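Contents: one structure, followed by commentary.
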Amino acid sequence: MVQFLAADGTRVPVTDVNSPYAAYLEELDEDALRGMLRDLVLVRRVDAEGFALQRQGELGLWPSLLGQEAAQVGPGRAMRPQDYAFPGYREHGVAWCKGVEPENLLGMFRGVNHGGWDSSENNFHLYTIVIGNQMLHAVGYAMGVQRDGDVATGDTDRDTAVMAFTGDGGTAQGDYNEALVFAAVTNAPVVFYVQNNHWAISEPNERQFVIPPYRRADGFGFPGVRVDGNDVLASYAVSRAALERARSGQGPTLIEAFTYRMGAHTTSDDPTKYRISAEVDVWKTKDPIDRMKKYLLAEGIIDDAWLSEIEAEADELATRIRHACQTMPDPPHPDMFEHVYAEPHPLVEREAKAFADYHAGFED
């Protein structure tokens, strides 16, 4: 497993396993390192607010990423602006790094918009609720990038890669495996990023697969690598390598980010029904924010004053998104029928009229 930060925040020496990725960390200056920790802290606060808002009846559902922040900020910061991300529904950290405002995420789970953002504006696709479906979307997009000639040109502003995110449970889906087949045979510029958080809702790893996810890549004919998903530096470096490989025309890579889902699958789930608290306690000692914080404090890159500023920023962010969520207007009813198809569609038009007539029946 590729790792650069141990659980206690100390730097792991260069080894045969992590040496192919070490050069990417040498490019990070102190501002970049501080920026990564800032991302981790703010993303966790967004997640905490999403959870609290759901519990207070402001959201219909919330899938928490608690414990997986580094597994998302790492690849999020490794992508270039033109790189396109296809998320599942827990990638709030990737959304943050791609510039999607947290309010848009809340709007989706509040049920007042159709996804919440223009996916072409940030190259971040809408959340995909159908497990594993986004993997096929990603490969299709990557094949389009390939056919447009935006791979292996040597132009850093043009060459494009695609990242497809899923959890360990998604690897059991047919869509996921079909996507790997298409990517392999077309040599598509795509990176499959599996966040192995150990639980697919209530099913542990041993009920999902026998061979670790990263080794599955061997059977499809392209590289697979396992990275410590609670180590933001390792997650960043491995993602950088895979993305550059894709952009240069060398084809797909499968990354398994070894991490842990500290909370429930979603707010409709009760993890105490299927896992023991001792397991959670073990993973608390591997917290991604604590280890990055300890590392930067030991290196003198941050101090207590800087940490206080970030906490204050997190408080301001929480206040902003909470107010935004509670004041979101309900959309006009006809809006749900807009933009379903690129061109007018007779069936949708009939459904829209029937819906309007139904609501008009309540006006008296």
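The values are calculated or read from the model by the stated rules, or taken from the named source; none is laboratory data. On a predicted model such as this, the values are computed, not experimentally measured, just so you know. Neighbour counts are summed over all protein chains in view; Cβ atoms, including those assigned to glycine, are modelled from backbone coordinates with ideal geometry.
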Legend entry - Among residues of segment 115-145, those that are loosely packed, with under 15 Cβ neighbours inside 10 Å and of a type outside the set (S, T, N, Q), counted: 6
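Given A257, A234, which one is in contact with a strand residue (DSSP E or B) (Cβ under 6 Å, 6 or more places away or on another chain), surrounded by 24 or more Cβ atoms within 10 Å (Cβ to Cβ) and either of a type in the set (S, T, N, Q) or in a helix (DSSP H, G or I) (or both)? Walk me through it before giving the result.
Working: A257 fails: either of a type in the set (S, T, N, Q) or in a helix (DSSP H, G or I) (or both).
Matching residue, one of A257, A234: A234.
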Legend entry - Selected residue [in the same structural domain as T160 (by TED's automatic domain parsing) and either touching an Asp or Glu at 6+ places or on another chain (Cβ under 9 Å) or on the phi > 0 side of the Ramachandran plot (or both)] from I301, I276, I255, I310: I301
Inset, instruction - Give me the pairs, please: first residue somewhere in segment 335-359 and outside the structural domain of N113 (by TED's automatic domain parsing) and surrounded by 12 or more Cβ atoms within 10 Å (Cβ to Cβ), second residue anywhere and of a type in the set (V, I, T) and in a helix (DSSP H, G or I), beta-carbon distance under 7 Å, and either six or more positions apart or on two chains. - result: F337/V348; V340/V348
Legend entry - Matching residues in segment 313-330 - criterion: being assigned to a helix (DSSP H, G or I) and not charged (D, E, K, R): A314, L317, A318, T319, I321, H323, A324, C325, Q326
Inset, instruction - Pick out the one residue from G99, G93, G88 that is assigned by TED's automatic domain parsing to the domain that holds A200, farther than 21 Å from T266 by Cα and of a type in the set (G, A, S). - result: G99
Inset, instruction - Return the pairs, sorted by first residue and then second, in which the second residue is surrounded by fewer than 16 Cβ atoms within 10 Å (Cβ to Cβ), the first residue lies in segment 202-213 and is farther than 21 Å from T267 by Cα, the beta carbons are less than 8 Å apart, and the residues are 6+ apart or on different chains. - result: Q208/A172; F209/A172
Legend entry - Residue list for segment 54-67, filter: in contact with a helix residue (DSSP H, G or I) (Cβ under 7 Å, 6 or more places away or on another chain) and within 12 Å of R90 (Cα to Cα): L61, W62, S64, L65, L66, G67
Inset, instruction - Could you check, for segment 38-53, whether at least one of its residues is part of a loop (DSSP other than H, G, I, E, B), out of contact with any Gly (no Cβ under 7 Å at 6 or more places or on another chain) and in the same structural domain as E256 (by TED's automatic domain parsing)? - result: no
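Is it the case, given these coordinates, that D31 is out of contact with any helix residue (DSSP H, G or I) (no Cβ under 7 Å at 6 or more places or on another chain), of a type in the set (D, E), in the same structural domain as C325 (by TED's automatic domain parsing) and closer than 17 Å to C97 by Cβ?
yes
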Inset, instruction - Check segment 24-31 and report whether any residue there is farther than 30 Å from Q146 by Cα, of a type in the set (F, W, Y) and not in a loop (DSSP other than H, G, I, E, B). - result: no
Legend entry - Cβ pairs under 7 Å, 6+ apart, first in segment 165-192 and more than 11 Å from M135 (Cβ to Cβ), second of a type in the set (D, E) and part of a strand (DSSP E or B): G169/E203
Inset, instruction - Using the structure shown, decide if I321 is in contact (Cβ under 8 Å) with a residue 60 or more places away in the chain, over 19 Å from M108 (Cβ atoms) and of a type in the set (A, V, I, L, M). - result: no
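Got a number for residues in segment 51-71 being out of contact with any Pro (no Cβ under 9 Å at 6 or more places or on another chain) and either crowded, with 23+ Cβ neighbours inside 10 Å or of a type in the set (G, A, S) (or both)?
Matching residues across segment 51-71 total 7.
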